[in-house]
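The values are calculated or read from the model by the stated rules, or taken from the named source; none is laboratory data. A quick note: this is a predicted structure, and the numbers were derived from the prediction, not measured. Cβ placement follows ideal geometry from the backbone for every residue including glycine, while neighbour counts extend to all protein chains displayed.
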Amino acid sequence: MPRPLALLAILLLLPCGLFADWTLVSSSPKPAPDGIDFIQREVTNGDERVTLWIVSFNPKTHSFAVMDNPDGVYDLGTASEKRGVLAAVNGAYFQPDRTPLGLVIRKGEQIHAQERAPLLSGIVSTTATGVTIQRAATFKLTPAIREALQAGPFLVEAGKPIAGLNATKDAARTVVFQDARGRAGLIMAKSPSLAEMGAILATPALFPEGKMVRALNLDGGSSTAMWVRGTPPFYAREWKGVRTYLGVVAK
């Protein structure tokens with residue numbers, strides 16, 4: 001068989017959704033506190049449909065806050081009410097005995113040290129001046145760091161999807177991101193693969209508010225949850241308790 005025909009045969013055997021562009025199906029704003037944008041968005045690649053719940057804010061007026069739950073006594077809703085955050089999702093990974101995996105800093109205090117592991121490829125951190133999402137290998141711990149969580153894998157970097165992400169396992173997911181307009185935020189998604197999540201986030205047409213520049217995967221699956229303050233609050237509840245949560249607070 002000539003090589004072009006062999007290549008065509010291989011392509012035809014692959015899932016067509018692997019190469020299909022992601023397009024917007026619907027987008028609707030949802031109630032949220034002042035200073036927070038909250039949007040529900042449906043996207044499709046022709047084969048699959050994914051729902052996104054997107055919380056975003058200006059880091060000049062708001063920031064992230066880590067909430068620690070060492071004894072497992074709080075779910076996301078009660079932890080958010082106790083801390084007074086405006087919106088929140090589940091945080092990073094942890095051991096079966098609830099010991100965190102990777103760096104955790106809360107209110108300037110280091111709860112757990114940074115670790116080296118392929119999965120823990122990124123760190124989201126805050127200082128008095130803003131929010132940063134960066135590679136764990138380039139992170140420098142300084143007294144200016146007020147909040148931090150280590151997680152992964154990276155999904156988008158420099159506006160491009162990361163190559164080699166798992167394309168076979170679909171699951172609920174949570175993501176922390178920064179966009180080209182300088183905003184930061186949180187996303188809950190149901191239920192793409194990691195590769196699909198990277199492709200979705202790197203599609204500028206799906207995010208007219210600002211192209212995604214960096215996006216980092218948080219703990220997902222049964223840990224996935226999102227809470228947004230309101231009357232009543234929006235609460236997509238986690239299926240199991242987690243060690244940390246990541247919330248949005250006014251400065």
Self-check item: Which numbered condition Phe177 misses (of (1) at pLDDT below 95; (2) under 26 Å from Ala128 (Cβ atoms); (3) of a type in the set (Phe, Trp, Tyr))
Solution: (1)
Quiz item: Among strands (runs of 3 or more DSSP E) lying entirely in region 13-91, which contain 1 or more residues that are touching a Pro at 6+ places or on another chain (Cβ under 8 Å) and buried (at least 21 other Cβ atoms within 10 Å of the Cβ)?
Solution: 37-44, 49-57, 87-90
Exercise. Determine the pairs where a residue that is touching a residue at least 24 places away in the same chain (Cβ under 8 Å), located within region 99-127, has a partner that is assigned to a strand (DSSP E or B) and of a type in the set (Lys, Arg) with Cβ atoms under 9 Å apart, the partner being 6 or more residues away or on another chain.
Key: Ser121/Arg135; Gly122/Arg135; Gly122/Arg214; Ile123/Arg135
Quiz prompt | Hits in region 227-245 (condition: buried (at least 24 other Cβ atoms within 10 Å of the Cβ) and under 30 Å from Asp21 (Cβ atoms)) | solution = Val228
Quiz item: Tally time: how many residues in region 140-174 are of a type in the set (Gly, Ala, Ser) and either at pLDDT below 95 or surrounded by 16 or more Cβ atoms within 10 Å (Cβ to Cβ) (or both)?
Solution: 6
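From the list Ala137, Ala163, Ala144, which one is farther than 16 Å from Arg214 by Cα and free of Cβ contacts under 8 Å to residues at least 24 places away in the same chain?
Only one candidate passes the filter, namely Ala144.
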